[in-house]
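The values are calculated or read from the model by the stated rules, or taken from the named source; none is laboratory data. What you see is a predicted model; the values in this text were computed from it and never measured. Note that we place each Cβ from the backbone using ideal geometry, even for glycine, and neighbour counts take in every protein chain shown.
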Amino acid sequence: AQSVTQLGSHVSVSEGALVLLRCNYSSSVPPYLFWYVQYPNQGLQLLLKYTSAATLVKGINGFEAEFKKSETSFHLTKPSAHMSDAAEYFCAVSKGGTASKLTFGTGTRLQVTL
Amino acid sequence: GAGVSQSPSNKVTEKGKDVELRCDPISGHTALYWYRQSLGQGLEFLIYFQGNSAPDKSGLPSDRFSAERTGGSVSTLTIQRTQQEDSAVYLCASSLLQGAQEKLFFGSGTQLSVL
């Protein structure tokens with residue numbers, strides 16, 4: 001079975017500071033890993049995904065994540081936070097292939113302050 | 001519309017009543033998922049439809065929950081004899097392709113409150 005653990009249900013950073021949202025996964029097979037973002041009053045949307053190609057994945061809005069097998073991690077980063085980044089971020093894992101379902105973490109709410 | 005549409009956006013019901021939640025996926029998307037989002041619980045997988053295959057119901061929490069997808073398009077999630085612990089946001093998502101190419105498009109959800 002696949003699972004993800006997101007460390008920190010709330011993260012607060014200053015505008016312009018580094019954003020680091022942590023995600024560790026557990027999977028019995030090489031995983032596919034995803035980050036989804038949910039802006040206030042909007043549905044979830046895909047930020048980026050790892051599917052066994054390059055270990056450093058770049059997503060929308062300047063976010064990126066690095067797959068580290070040795071650490072079973074897929075942390076999300078952004079060099080400089082913007083007020084518009086305030087949202088809830090979900091890490092997810094699947095085993096890929098057909099009929100695979102995404103298993104989501106509990107989410108991390110990012111607050112960006114002036 | 002261009003996105004995944006869910007209705008109603010909000011539903012308040014009394015304990016013991018049945019409710020139906022509707023999802024209109026993006027036209028042409030063959031895969032459809034239902035998830036439940038509870039406070040502090042993340043996104044809980046409920047059920048998955050892919051084309052004409054038998055649905056994956058492994059996430060349904062009890063036999064009070066059921067879902068169907070008619071004509072490979074619209075899906076209805078039914079909760080019978082609702083309980084207070086059923087209160088949550090129910091999210092529907094659809095996608096066209098599988099595996100590495102898969103990208104889920106989510107609806108805005110139905111906020112269910114069971115009094």
Output for region A:27-45, where each listed residue is surrounded by 13 or more Cβ atoms within 10 Å (Cβ to Cβ), in a loop (DSSP other than H, G, I, E, B) and without any contact (Cβ under 8 Å) to a residue 12 or more places away in the chain: A:GLY43
Index of the failed condition, A:LEU18 passing every other in (1) surrounded by fewer than 13 Cβ atoms within 10 Å (Cβ to Cβ); (2) touching a His at 6+ places or on another chain (Cβ under 8 Å); (3) not basic (Lys, Arg): (2)
Any hit, region A:68-83, residues being over 10 Å from the mean Cα position of the chain (by Cα), within 14 Å of another protein chain (Cβ to nearest Cβ) and not in a loop (DSSP other than H, G, I, E, B): no
Checking B:PHE45 against (1) more than 23 Å from A:THR51 (Cβ to Cβ); (2) touching a Lys or Arg at 6+ places or on another chain (Cβ under 9 Å), the condition it does not meet: (1)
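Residue by residue, here is whether (1) part of a strand (DSSP E or B); (2) within 13 Å of another protein chain (Cβ to nearest Cβ); (3) closer than 28 Å to A:ARG109 by Cβ; (4) under 10 Å from the mean Cα position of the chain (by Cα) holds:
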| position | (1), (2), (3), (4) |
| --- | --- |
| B:ALA54 | no, yes, no, no |
| B:ALA67 | yes, no, no, yes |
| B:TYR90 | yes, yes, yes, yes |
| B:LEU112 | yes, no, yes, no |
Every residue from region A:49-67 that is surrounded by 14 or more Cβ atoms within 10 Å (Cβ to Cβ) and either facing another protein chain (nearest Cβ under 8 Å) or closer than 17 Å to A:ALA81 by Cα (or both): A:LYS49, A:THR51, A:GLY59, A:GLY62, A:PHE63, A:GLU64, A:ALA65
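Filter region B:6-37 for residues that are among the hydroxyl-bearing types (Ser, Thr, Tyr) and modelled with pLDDT of 95 or more; which is surrounded by the most Cβ atoms within 10 Å (Cβ to Cβ)?
B:THR13
Can you tell me which residue among A:ALA92, A:ALA87 is within 13 Å of chain B (Cβ to nearest Cβ) and crowded, with 18+ Cβ neighbours inside 10 Å?
Working: A:ALA87 fails: within 13 Å of chain B (Cβ to nearest Cβ).
When all the criteria are applied, what remains is A:ALA92.
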Qualifying positions in region B:40-73 - aliphatic (A, V, I, L, M) and touching a residue at least 24 places away in the same chain (Cβ under 8 Å): B:LEU43, B:LEU46, B:ILE47, B:ALA67
One residue from B:ILE47, B:ILE26 being within 14 Å of another protein chain (Cβ to nearest Cβ) and within 30 Å of A:SER9 (Cα to Cα): B:ILE47
From the options A:TYR25, A:TYR39, residue that is among the aromatic types (Phe, Trp, Tyr), within 28 Å of B:CYS92 (Cβ to Cβ) and at pLDDT 90 or above: A:TYR25
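Which of the residues that make up region A:9-35 are within 8 Å of chain B (Cβ to nearest Cβ) and either touching a Phe, Trp or Tyr at 6+ places or on another chain (Cβ under 8 Å) or among the basic types (Lys, Arg) (or both)?
Initially, region A:9-35 is screened for residues within 8 Å of chain B (Cβ to nearest Cβ), giving A:9, A:32.
Once the filter is applied, which keeps residues that are within 8 Å of chain B (Cβ to nearest Cβ) and either touching a Phe, Trp or Tyr at 6+ places or on another chain (Cβ under 8 Å) or among the basic types (Lys, Arg) (or both), region A:9-35 yields only A:TYR32.
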Test: residue in region A:71-81 that is surrounded by fewer than 18 Cβ atoms within 10 Å (Cβ to Cβ), more than 27 Å from A:SER14 (Cα to Cα) and out of contact with any strand residue (DSSP E or B) (no Cβ under 8 Å at 6 or more places or on another chain): no
